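The values are calculated or read from the model by the stated rules, or taken from the named source; none is laboratory data. Note that this is a predicted model, so its numbers are computed, not measured. Cβ placement follows ideal geometry from the backbone for every residue including glycine, while neighbour counts extend to all protein chains displayed. Accessible surface is based on the protein model in full, side chains and every heavy atom, while ligands, DNA and RNA are left aside. Shrake-Rupley method; radii C 1.70, N 1.55, O 1.52, S 1.80 Å.
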Amino acid sequence: AGVRTAWLLGLFLWLAGVASLSAAEPQYLSLTNGGLIRTFILYAPDHLPATPRPLVLMLHGAGGDGASCMTNTTEDRWNQQADSNLFLVAYPDGVSNRWHDCRGDAMNQPPVDDVSFLSALIDDISTRYPVDPQRIYAAGHSNATVLCLCLAAELPGRFAAFCVNCGALAAVDDCVVLGQPPVSLLNCMGTADPTIPF
């Protein structure tokens, strides 16, 4: 009986350990901005320290949404990195699966202010978790790249760095360039890109 009890206790402790190592569940949240209810997914690792943590905004490309960006585009890798390094990741949704990226000559811009929305999103997350204001980052693809470049121009003090691909600042651009403070940027483009030429 003693051996059986010890074995069951060991099994219980092992299962409890496995459970404690499992990934946290993404939170499906919303906020109101510009008179619209805007939605986003927030991933916060279990056992997040009480000290201020970094925050990454991962923005989907045109035609996508936060959920597809989390599970398909990045294949949950941001969440895995968040678990390993104890930071927060947000996957916001654009209106009609697009971002208003300040291209002055675009015909399909949603009638919203996404710079304002993403700034409000940072504020909202900061009320839920301790966010380090010096370690806020954004990443994106294509349509989201153009928006990230607009964020760098219009909100340079809110972001530490950007990592983007398959996009460029628009030739006809309505962003208001503040220019200070300088912002770090990694922009990856392909010379054979047929949609957004190098």
FRET efficiency for T195 and E75 from the Cβ-Cβ distance with R0 = 25 Å, rounded to 0.05, comes out at 0.65
Net charge (Lys, Arg +1; Asp, Glu -1) of residues whose beta-carbon lies under 10 Å from that of G104, G104 excluded, is -2
Extension length gain for V177 and N85 (0.36 nm per residue less Cα distance), in nm, is 29.8 nm
Subtracting the Cα-Cα distance of D105 and A50 from 0.36 nm times their residue separation yields 15.3 nm
The answer for the net charge of residues other than D173 whose Cβ lies under 14 angstrom from its Cβ, with Lys and Arg +1 and Asp and Glu -1, is -3
Rounded to whole angstrom, the alpha-carbon centroid of the range 81-156 lies from that of the range 55-69 at a distance of 9
Calculated from DSSP helices alone, with each H run of at least 4 adding -39500 (n - 2.57) and the total divided by the residues of the chain, [θ]222 nm to the nearest 500 comes to -9000 deg cm²/dmol
Simple SL model, points at 7 angstrom along Cα→Cβ for R128 and S68; separation in nm is 2.2
Taking the chain and a Cβ-Cβ threshold of 4.7 Å, the cysteines left without a partner are C69, C148, C163, C166, C188
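Could you order E25, E154, E75 by accessible surface area, starting with the largest, using a probe radius of 1.4 Å?
Heavy-atom accessible area, descending, gives E25, E75, E154.
Would you rank M189, M107 by solvent-accessible area, highest first, keeping every protein chain in place and using a 1.4 Å probe?
Final ranking, largest accessible area leading: M107, M189.
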Whole-percent carbon and sulfur contribution to the accessible surface of the range 93-192 (1.4 Å, no ligands, DNA or RNA) stands at 55
Given a 1.4 Å probe, the accessible area of the chain per residue, as a whole number of Å², is 53
For 159-172, 119-132, ranked highest to lowest by mean beta-carbon neighbours within 10 Å, the order is 159-172, 119-132
